[in-house]
Amino acid sequence: MAIKLKQAGYHDFVILEKAADLGGTWRDNTYPGCACDVPSHMYSFSFELNPNWSRMFSPQEEIWEYMRACVDKYGIAPHFRFGKQVTSLEYDDHQRDWEISTADGATLRAKAVVSGIGALHVPKFPEIKGRETFKGPSFHSAEWDHDVSLDGKRVAVIGTGASAIQFVPQIAPSVEKLTLFQRTPPWIQPKPDFAIPSRMRKVLRLPGMARAMRNSIYWVLETRALGFTIDPKLMKVHESMARKHLENQVPDPALRAKLTPDYTIGCKRILISSDYYPALTRQNVSVVTDGISEIRERSVVDSSGVEHEVDVIVYATGFKVTDALQEQHIVGRGGVKLQDAWQDGIEAYYGITTAGFPNLFFLLGPNTGLGHNSVVFMIESQVRYVMDCLHLLSKTQARAIDVKPGRQRAYNRRLQERLDPLVWNEGGCNSWYLDEHGVNRTIWPGFTFEYWARTRRIKPDAYELIY
Ligand code: NAP
């Protein structure tokens, strides 16, 4: 967003960042083995291709480094204000601008606000009886405590999502015992990861080659959308690939049974890993599927009453997703709080603007997440849309734009109708894609090129112009 603002000649903006450094996900998540599960040539900006990625799926440090390099190259650094946690956003009906308050007591005023807070950064801890009584070290995967050595320790890992499957194989060889508490097994496909040889990197530096690489990855990933967007039955191919992967890697039928999901693949995020299953077959690793009834000072008790003594607990239990935006103190026109505007569920127009909150734009807002391709593609589409909104403001000399409530409602009605028969809703699982009422507030139900095409230009008649 900042790069595109600058390129369009907007220089009067600040980036408020709660932490002391940039990087978001790729700054916070430092757990062993942290890497992206989308190929790097696609999980990067379309306008800043990097022929030098070291692997097909690059590790966390390299992605963070890429972000820093972009900041340097495009001169974004002066715009950052670190240690600025936004505590409230209030729209001023008279001035027709936003007042932004930060935790250090400062206030700022801005004509427009872009929320880039993401959805996966507020760690979620499970509500398990006695959790606070545990005497040993415990931490969340997104707040990895590198001062705690796990070598030779008895470690409990709670959760088997995208984060857990990356760090479990890394820590398993050095711990004394790893007890993995699995509530729902994920579907896992092989990870086609490899170090990109220097010869290939040389080729990628030739004109057009990095672009061709990105485009081919895009279309391969996009074909995965068929089962997601058309009919869950088309997911069968993916399911058999994942089942074969499990059979190949886990010879023990009892363990295999524990690891076999009972819902349609794709209902939860499809995970990719080639070293997770082998780690679970180690002598010092056990998978507990009985659920957790209690945590005591030195142990975790499962629901069949077995007490597992452990020295350290790692929570790989994910993030507060659908409430990440809702928990913000955001007050729009006429003093209406975002929580009240969204009392029936979070929704926006193309996930970007929401009625009653003029000139407030969301990146990765409601229903713009993906199960099959890179969200960076979605973010870029949203950035272009926001730029188009700003151009409309300049062109019309309007002070603000506000999406019409009827347009937003109609858009979301169609969106939910499309989502109804699809695998996230119908696949027979519980996932963080759904809110507490079982409504999918997270996923874009179509191909990404459809989203790209639909957000290419703002439709001015969908908006009220405020002068
Ligand atoms: P997650 O996918 O939400 O997984 C959380 C895990 O914790 C699930 O296995 C869940 O079980 C389990 N869990 C939650 N509460 C529990 C409880 N009370 N008792 C037992 N188990 C419990 O979280 P994540 O692994 O941190 O990943 C979150 C998202 O971050 C991913 O879906 C992905 O979008 C992103 N991510 C991406 C990458 C990447 O490479 N791009 C890497 C890591 C994460 P249930 O399944 O039963 O709920």
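Each value in this text was obtained by applying a stated rule to the coordinates, not by laboratory testing. What you see is a predicted model, and the numbers here were worked out from it, not measured in a lab. No Cβ is skipped: glycine too gets one built from the backbone with ideal geometry, and neighbour counts run over all protein chains shown.
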Rank V86, G105, M56 by how far each Cα sits towards the positive end of the charge dipole of region 1-118 (+1 on Lys, Arg Cβ; -1 on Asp, Glu Cβ) and give me just the farthest. M56
Specify the angular offset, from 0 to 90 degrees and rounded to the nearest 10, of the alpha carbon long axis of helix 60-73 from the longest principal axis of the alpha carbons in the chain. 20 degrees
What is the distance, in nm, between label points placed 7 Å from the Cα along the Cα-to-Cβ direction at E65 and at D93? 5.4 nm
Rounded to the nearest 500, what is the chain's calculated 222 nm mean residue ellipticity when only DSSP H runs of at least 4 contribute -39500 (n - 2.57) each, over all residues? -8500 deg cm²/dmol
Subset of K202/K244; K202/K320; K177/K320; K111/K459 violating a 32 Å alpha-carbon distance limit: K202/K244; K202/K320
For the chain, size of Cβ-based charge dipole, Lys and Arg +1, Asp and Glu -1, in debye: 1640 debye
Dipole moment magnitude, nearest 20 debye, region 88-208 about Cα centre, only Lys, Arg, Asp, Glu C-beta charged: 880 debye
Got a sec to turn the phi values of region 29-38 into Karplus ³J(HN,Hα) couplings, 6.51 cos²θ - 1.76 cosθ + 1.60 with θ = phi - 60°, whole Hz, x for Gly and Pro? 8, 10, 4, x, x, 5, 8, 7, 9, 10
I'd like the orientation of helix 375-396 relative to the chain: the angle between its Cα long axis and the longest Cα principal axis, in ° from 0 to 90, rounded to 10. 10 degrees
Subtracting the Cα-Cα distance from 0.36 nm times the residue separation, let me have the gained length for S101 to E417 in nm, one decimal. 110.0 nm
Charge dipole (region 167-290, unit charges on Cβ, about Cα centre) - positive-most of W219, P278, F181: W219
Charge dipole magnitude, Cβ of K and R +1, D and E -1 - region 56-157, Cα centre, debye nearest 20: 200 debye
Contact order relative to length of region 81-168, as percent, for alpha carbon pairs under 8 angstrom and 6 or more apart: 14 percent
Once all Cα-Cα distances of the chain are split into 20 Å bins that start at 0, what whole-number percent is in each one? 22, 55, 22, 1
With an 8 Å Cα cut-off and a minimum separation of 6 or more residues, compute the relative contact order for region 166-263 in percent. 41 percent
Net charge (Lys, Arg +1; Asp, Glu -1) of residues whose beta-carbon lies under 15 Å from that of P59, P59 excluded, is -3
Can you give the extra length, in nm with one decimal, that the chain gains between R55 and R109 once fully stretched, where that is 0.36 nm per residue apart less the Cα-Cα distance? 15.1 nm
For G369, residues with placed amide H under 5 Å, excluding near neighbours: I443, W444
Please compute the length gained on full extension between D193 and R457, using 0.36 nm multiplied by the number of residues separating them and subtracting their Cα-Cα distance. 91.4 nm
Helix 405-419: angle to the longest alpha-carbon principal axis of the chain, degrees 0 to 90, nearest 10? 30 degrees
Lone Cys, the chain, Cβ cut-off 4.7 Å -> C34, C36, C70, C389
Residues other than S46 with Cβ under 10 Å of its Cβ, Lys/Arg counted +1 and Asp/Glu -1, net out at 0
Using the Karplus curve 6.51 cos²θ - 1.76 cosθ + 1.60 with θ = phi - 60°, what ³J(HN,Hα) values do you get for each residue of region 116-129, in whole Hz, with x for Gly and Pro? x, 7, x, 10, 10, 9, 9, x, 10, 9, x, 8, 10, 3
What is the Rg over Rh value, at two decimals, for region 1-129, using alpha-carbon atoms and the Kirkwood definition of Rh? 1.02
Under the rule of at least 5 residues apart or a separate chain, name every residue whose amide H is placed under 5 Å from the amide H of H329. L89
Would you work out which of G369, L338, A69 lies farthest towards the positive end of the dipole of the chain? Charges go on Cβ: Lys and Arg +1, Asp and Glu -1. A69
Out of residues 5 or more away from H308 or on other chains, whose amide H comes under 5 Å of its own, with H placed 1.01 Å from N in the peptide plane? V300, V301, D302
Relative contact order [Cα under 8 Å, 6+ residues apart], the chain, whole percent: 20 percent
Where a ≥ b ≥ c are root eigenvalues of the Cα gyration tensor, a/c under 1.5 meaning rounded, otherwise prolate if a/b exceeds b/c and oblate otherwise, region 332-420 counts as oblate
Residue-ordered couplings for region 229-242, obtained by feeding phi - 60° into the Karplus form 6.51 cos²θ - 1.76 cosθ + 1.60 and rounding to whole Hz (Gly and Pro as x), are 9, 10, 7, x, 4, 5, 6, 3, 4, 5, 5, 5, 5, 5
Which stretch or stretches of region 261-300 have amide N atoms under 15 Å from the point lying 7 Å from E307's Cα along the Cα→Cβ direction? 293-300
